[in-house]
């Protein structure tokens, strides 16, 4: 068997390893809110769903998030190797080489920029601005105790970009939704960081839990999610949302309440349920309610 033929079966393995590396399934956290913004913009524009544009929004969001996650893993690989929780990640174990991770990241970046270019000139012009916080975030834990603020800024780009993709113009309503999403994700990342406090302190990684303690981080997350709820309400008022969207906000408020009852400063045993299950549910539930609301109000499929 030649070396070339022996290399062929490795390709699917690399692809699978890359998809694990970037945790592609976690797109569920941000993608629904880009859809909410895009569909609301369509409703206000001509009350029709433009499937081609919605597909390009999906491609752009997944491309940018894939690039961000790959770069994050590349930059953090030495830190990950020193943390027992993350020592199994593909760049640490050797399941994925740095070269191939960079290749995947750059392909994802090209896909994102291509989708932005196909949407409208403003999306393409602003695309580099969306990339910057994605690259800065993994370095944040090296110079600030508040890297979640950078993460929140990065995540806020989704709804703003989703609205720009449809209208080609700025919208403060989208900014309200973007801030809500950014503060929400920054808040639950405060909770997620609590499980690495001892390791972070040992290796010198900066975070709110490592600097101020787990109780302070939990309180900070509660404050973030209170502000998030208020911003969702502001967005509902600003866009004249109907009963289904308000029902979605009640569901979200209930989910936030549940999340903060199962995670306590001295009991992090259900942290993964709070992080993955509850927050994934929040995005999907609000999207479904927002879509129903827009359809009832006259959005045409």
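We did not get these values from a lab; they are worked out from the coordinates using the rules stated. The structure presented is a predicted model; accordingly, all values stated were derived computationally and were not measured. Ideal geometry is used to build each Cβ from the backbone, glycine not excepted, and the neighbour counts take in all protein chains shown.
A few points about this structure:
- Spin-label pair residue 270/residue 202, simplified geometry with 7 Å Cα→Cβ offset, distance in nm: 2.9
- For the peptides 267-276, 100-109, residues were scored by their other Cβ atoms within 10 Å and the scores averaged per peptide; the highest-first order is 100-109, 267-276.
- Relative contact order (%) - criterion: Cα under 8 Å, at least six apart; region: the chain: 21
- Within the listed set 187, 280, 254, the residue fluctuating most in the Gaussian network model of the chain (springs between alpha-carbon atoms under 10 angstrom) is 254.
- Residue order, fewest to most surrounding Cβ atoms within 10 angstrom, among 203, 111: 203, 111
- With the convex hull constructed from alpha-carbon coordinates only, the chain shows a mean projected area of 16.4 nm² over all directions.
- With Cα atoms as the point set, segment 61-209 shows a radius of gyration and Dmax of 16.4, 48 Å.
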